[in-house]
Number of protein chains: 2
Amino acid sequence: MLIKSSETIENIKRIFTKEEFPAKTLLVKENEISQNIYYVESGAARVWLNHDGKEITIQFLFEGGFIASIESIISNEKSWYTIETIEPVTVYSISTNSFKQKMEQFPHVREFYYQYIQQSLLAYQKRMVSQIKNTPEERYKELLKEFPEIIKRVPQHYIASYLGITSVSLSRIRNRK
Amino acid sequence: MLIKSSETIENIKRIFTKEEFPAKTLLVKENEISQNIYYVESGAARVWLNHDGKEITIQFLFEGGFIASIESIISNEKSWYTIETIEPVTVYSISTNSFKQKMEQFPHVREFYYQYIQQSLLAYQKRMVSQIKNTPEERYKELLKEFPEIIKRVPQHYIASYLGITSVSLSRIRNRK
DNA sequence: GTGATTAATTAACAATTGTTATCGTCAACA
DNA sequence: TGTTGACGATAACAATTGTTAATTAATCAC
């Protein structure tokens, strides 16, 4: 989810701490409780998890997004996935505990958080429905239409697993007709 | 999401209105703004949408669940789907507007709503990941293990589209030793 | 209960995807 | 510069799913 309001961004920057990381940094690790939340100012990251020894990429994050294990925030669970930078990033970070304190203290932080959660819910629901009703080829075309940015910036084999197919199959889809 | 706290259920019953509907009643209609929220006391419903003339079932709802177009509540959009009872149901209903007023008035209603949204988010995320990383056969086995209730109570062709496959394919999977 | 409708199984075939392996390209790096 | 490793394209074949149609089973309505 992208943050539109520059006022909100300024507020975030005030309470978060600026940090930089090179590509291939693990900011969240699968099976560990995630201690931090990052607002991405520049760069890109991918969310992935291990499945039978294979890395399954389930999401991409760019400027304006947040890097966090949402299940760690919501219910203190260990993260279901790893979040790894795929480009050098500049982020603003805060510890999950501090963030929860800010939520208690400031209604506008709480409000912002719940707006974010609601928008994320709609996004996940939409993507789940797309997985159910569309073929891999249709999902690729949808991605091309709605998020061409992703296809430009991200290696193809990550996109393949994001779509739920192999890189071989994605290569075929791209070269069909 | 099931509601565990009986105190919460009692509160819901106080501000909602009891109603009964036969099977095959449309409680929410695709492309219409949903005006009501229903708490299911007994019975079952399915969430479906039209895709190239075919009905795609994306979710099931049972006792303890809520029937609502979450996108209508969150952003006043027209519903992406239809919600239809598949068994006679007893529900407690409230208009979306009244519910929003109650949220403003009563912190515990607001709190309950956000807890519900957060749990739903995790559930959608989990299901999206399952669609990406598992084969149809694996998804069927997962459903059998985690929600055997669904398989017992729901016609098979609805389950097939819930899993993102045809009813023919599900029949084959079930009879595959 | 009986006929009509809907649901589930099965078969045959087409289309798609997965798997494994090879090859060419490119970028990183010593 | 040369080597290594990562990435993407392609080929061959296996496995799975989709499609259509026919048959049986179950359910619904009167």
**Message:** With +1 assigned to the C-beta of every Lys and Arg and -1 to the C-beta of every Asp and Glu, and no other charges, what is the dipole magnitude of region B:46-175 about the Cα centre in debye, to the nearest 20?
**Reply:** 280
**Asked** Counting Lys +1, Arg +1, Asp -1, Glu -1, what net charge surrounds B:L144 among other residues with beta carbon under 12 Å of its beta carbon?
**Response** 0
**Prompt:** Summing Lys, Arg as +1 and Asp, Glu as -1, what charge do residues with Cβ under 11 Å from the Cβ of A:S79 carry, A:S79 excluded?
**Reply:** -2
**Request:** Determine which residues of region A:115-132 fall in the zone a paramagnetic label at A:H51 would reach in this model, i.e. backbone nitrogen under 14 Å from the point 7 Å along Cα→Cβ.
**Result:** A:128, A:131-132
**Asked** Once all Cα-Cα distances of the protein assembly as shown are split into 10 Å bins that start at 0, what whole-number percent is in each one?
**Response** 5, 22, 31, 26, 13, 2, 0
**Request:** Can you check what the net charge comes to around A:R110, using other residues whose Cβ is under 14 Å from the Cβ of A:R110 (Lys, Arg +1; Asp, Glu -1)?
**Result:** 0
**Request:** Using only Cα atoms, find the angle between the long axis of helix B:96-105 and the longest principal axis of chain B, and express it within 0 to 90 degrees, rounded to the nearest 10.
**Result:** 60
**Only Lys, Arg (+1) and Asp, Glu (-1) charged, at Cβ; the protein assembly as shown dipole about Cα centre in debye** = 1020
**Along principal axes, Cα extents of region A:6-95, largest first, whole Å** = 43, 29, 17
**Prompt:** By accessible area of protein heavy atoms, probe 1.4 Å, what ranking do B:R153, B:R127, B:R174 get, highest first?
**Reply:** B:R174, B:R153, B:R127
**Fill in**
Averaged over the residues of A:113-126, the number of partner chain Cβ atoms within 10 Å of each residue's own Cβ comes to 6
**Request:** Name the residues whose placed amide hydrogens come within less than 5 Å of the amide hydrogen of B:Q59, ignoring near sequence neighbours (fewer than 5 apart) on the same chain.
**Result:** B:V47
**Request:** Once you have the Kirkwood Rh of region A:1-153 from its Cα pairs, apply Stokes-Einstein at 37 °C and 0.692 mPa s and quote D in µm²/s.
**Result:** 200
**Item:** Label-reachable residues, region A:104-147, where backbone N falls under 13 Å from a point 7 Å from B:F147's Cα toward its Cβ
**Value:** A:129
**Message:** Tell me the angle of helix B:107-133 to the major Cα principal axis of chain B, expressed in degrees between 0 and 90 and rounded to the nearest ten.
**Reply:** 10
**Request:** Report the one residue of A:Y114, A:S42, A:H157 whose Cα lies farthest in the direction of the positive end of the charge dipole of chain A (charges on C-beta: Lys and Arg +1, Asp and Glu -1; origin at the Cα centre).
**Result:** A:H157
**Prompt:** Which angle between 0 and 90 degrees, to the nearest 10, do you get for helix A:6-15 versus the longest principal axis of chain A when only C-alpha atoms count?
**Reply:** 60
**Request:** Could you grab the relative contact order for chain A? Cα pairs under 8 Å, six or more apart, rounded to a whole percent.
**Result:** 24
**Portion, in percent, of the accessible area of the protein assembly as shown that falls on carbon or sulfur, probe 1.4 Å** = 49
**Request:** Under 23 Å Cα to Cα from B:K141, which lysines show up? Leave out anything in the same chain fewer than 8 places away.
**Result:** A:K54, A:K133, B:K126, B:K133, B:K152, B:K177
**Message:** Nearest 100 Å² is fine: what is the total accessible surface buried where chains A and B meet, probe 1.4 Å?
**Reply:** 3200
**Dipole-positive endmost among B:L27, B:F66, B:S167 within chain B (Cβ charges, Cα centre)** = B:S167
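The values are calculated or read from the model by the stated rules, or taken from the named source; none is laboratory data. A quick note: this is a predicted structure, and the numbers were derived from the prediction, not measured. Note that each Cβ is placed from the backbone with ideal geometry, even for glycine, and that neighbours are counted across all protein chains shown. Calculation scope for accessible area: heavy atoms of the full protein, side chains included, ligands and nucleic acids excluded. Shrake-Rupley method; radii C 1.70, N 1.55, O 1.52, S 1.80 Å.
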